[in-house]
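Report on the structure given below.
Nothing in this text is a laboratory measurement; each read-out follows from the coordinates by a stated rule. This one's a predicted model, so the numbers in the text were calculated from it and none came from an experiment. Reconstructed Cβ throughout: ideal geometry from the backbone, glycine too, with neighbour counts over all protein chains shown.
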Amino acid sequence: PHLAADVAAGQPVHVLIVGFDWLGQAIALQTMRLAHYGAATPRVTVLVREAGARAGRFKRVYPQAERCCRVQFLELEAAELDPRSPVTSVFICLDDEAAALEYRERVKTWVRRHQSAAPPVFLRVAAGRTGGELADWDGQTYPFCPYREACRPELLFGDRGDALARIIHAYYRDTIAAQGRDLASTPAD
């Protein structure tokens with residue numbers, strides 16, 4: 001959440017989340033956990049339909065949230081962000097890719113009008129789809145698939161991949177031996 005914030009210069013982290021499904025909520029919570037690098041209070045702005053109801057539910061579930069972060073819910077269709085609080089990163093978490101791309105353009109237009117620096121825009125895409133070549137993206141937008149990110153072997157196994165393979169192989173060898181079969185003549189399929 002602090003990627004584009006100049007925390008050393010006193011700039012607070014301000015994460016903008018468009019859409020508030022499980023992923024948007026996880027990003028908000030992660031921001032509250034990690035964004036306390038400087039003296040300024042981090043901020044999370046959520047653009048979502050039925051903002052009042054969603055804000056109420058969020059505050060009931062996380063009553064202590066306001067103690068560590070300023071959280072604001074605004075209506076998705078009619079939101080106007082406060083230009084005095086520059087956005088430092090944007091996460092677009094909409095299932096509808098056309099709507100997600102539309103909101104990416106809306107956010108970029110707002111940023112051009114009100115901020116001197118453009119924050120990175122992280123755009124959720126469907127598994128295995130990033131829409132074209134890397135050159136098609138604007139250098140500010142980063143398409144990502146949360147499932148692909150969460151299921152990368154290095155995240156799942158860390159540096160334990162080789163150790164895990166050895167354990168699985170040892171288990172296989174022990175199982176063959178316990179069954180009284182000859183390991184040299186038993187195919188490993």
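What the table below lists for this structure:
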| item | result |
| --- | --- |
| Efficiency of FRET from Cβ geometry, Leu164 and Val61, R₀ 35 Å, rounded to 0.05 | 0.45 |
| Ranked packing of 59-68, 91-100, most packed first, by mean Cβ within 10 Å | 91-100, 59-68 |
| Computed label-point distance, nm, for sites Ala9 and Arg106 using a 7 Å Cα→Cβ extension | 2.9 |
| Peptides ranked, highest mean first, by Cβ atoms within 10 Å: ranges 43-53, 106-116, 11-21 | 11-21, 43-53, 106-116 |
| Segment Tyr142-Asp182, extension gain: residue separation times 0.36 nm, minus the distance between their alpha carbons | 9.1 nm |
